[in-house]
Amino acid sequence: MAAGTAMLTLAGGVAWVPLGSSLFDARSVQVVGTRELPADVVRAVAAVPLGTPMMWLDTKAVETRVAALPRVASVQVRCGVDGTVRIEVTERTPVAVVRRSDGMHLVDATGTDYAVMPVGPPGLPELRVARLGPRDAATVAALTVLTELPEWLRVQVHSIAAESPAAVVLRLGTGRRGDAREVRWGGVEEGDRKAAVLGPLLTQPGTLYDVSSPALPTIA
């Protein structure tokens, strides 16, 4: 390496940079991948120090700051040879809502509560667990069951509850009185088999369908 130069690894390759040169300073910030989260909010939280040489830019610190935003599932920061700092954001995707006194909380597949809305998005089932969270076994079981359901069944789920990891219950229908059917699903195991057994059962009259033991399903 020549005296007075430094090697800089950037998106797209490696460059030799004269020390003290402004050629590879951070000059702009680009935010991509956001849906609900305003790009300006990401830029503000990222707090990228423009004018800083790329080789000295602490991209991990930028990622940590952006990752602290509740809606952010993952983030990666890349430095471009044109002086652009590219912040690639993946937002959380809601799979269920939880009813609270202040509104409907959005929950992603990990069980993370990351946003609140006055009304939940159409088509999302209500999740009912005692201790919501990504480390709660009942939460994890309920969301595992929900996300692994075949599409034909998932669109019928109005709510999903779990008193324990082995006691997941689906409620099908609109939620209106007289329109609900309950499915006792049990645990996360044998999901494909349970769904296959449940399909024909739902063509039969009943309000309670138990497929927790798919070899011995019942209707009541």
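Bear in mind that the values in this text are calculations on the coordinates, not laboratory data. Just so you know, these numbers come straight off a predicted model, no measurement behind them. Here the Cβ positions follow ideal geometry from the backbone for every residue, glycine too, while neighbour counts run over all protein chains shown.
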Modelling each spin label as a point 7 Å along the Cα-to-Cβ direction, I'd like the Met117/Thr207 distance in nm, to one decimal. 3.1
Show me the ranking of peptides 158-167, 35-44 by mean Cβ neighbours inside 10 Å, starting with the highest. 158-167, 35-44
For Val29, the residues 5 or more places away or on another chain with a placed amide H closer than 5 Å to its own amide H are Val85
Specify the inter-centroid distance of region 102-163 and region 42-84, based on alpha-carbon positions, in whole Å. 31
Within region 81-160, report the trypsin sites (Lys or Arg not before Pro) that DSSP leaves as loop and that have at most 10 other Cβ atoms within 10 Å. Arg131, Arg135
Check Met104: other-chain or 5+ apart residues with amide H under 5 Å from its amide H, H built from backbone geometry? Met117, Val119
Amide H within-cut-off set for Val168, under 5 Å, with H built and near neighbours excluded: Trp185, Gly186, Gly187
HN-Hα J in Hz across region 159-170 - Karplus 6.51, -1.76, 1.60, θ = phi - 60°, x for Gly and Pro: 8, 9, 10, 8, 7, 7, x, 9, 10, 7, 10, 9
Starting at the first residue of region 197-211, write each ³J(HN,Hα) from the Karplus equation 6.51 cos²θ - 1.76 cosθ + 1.60 with θ = phi - 60°, in whole Hz, x for Gly and Pro. 6, 5, x, x, 4, 5, 7, 9, x, x, 10, 9, 10, 10, 10
Averaging over all projection directions, find the projected area of the Cα convex hull of the chain and quote it in nm² with one decimal place. 15.9
Phi to ³J(HN,Hα) by Karplus 6.51 cos²θ - 1.76 cosθ + 1.60 over region 72-83, Hz, x for Gly, Pro: 8, 8, 7, 8, 9, 10, 10, 9, x, 5, 8, x
Give me the percent of DSSP beta bridges within the chain that run antiparallel, rounded to the nearest 5. 75
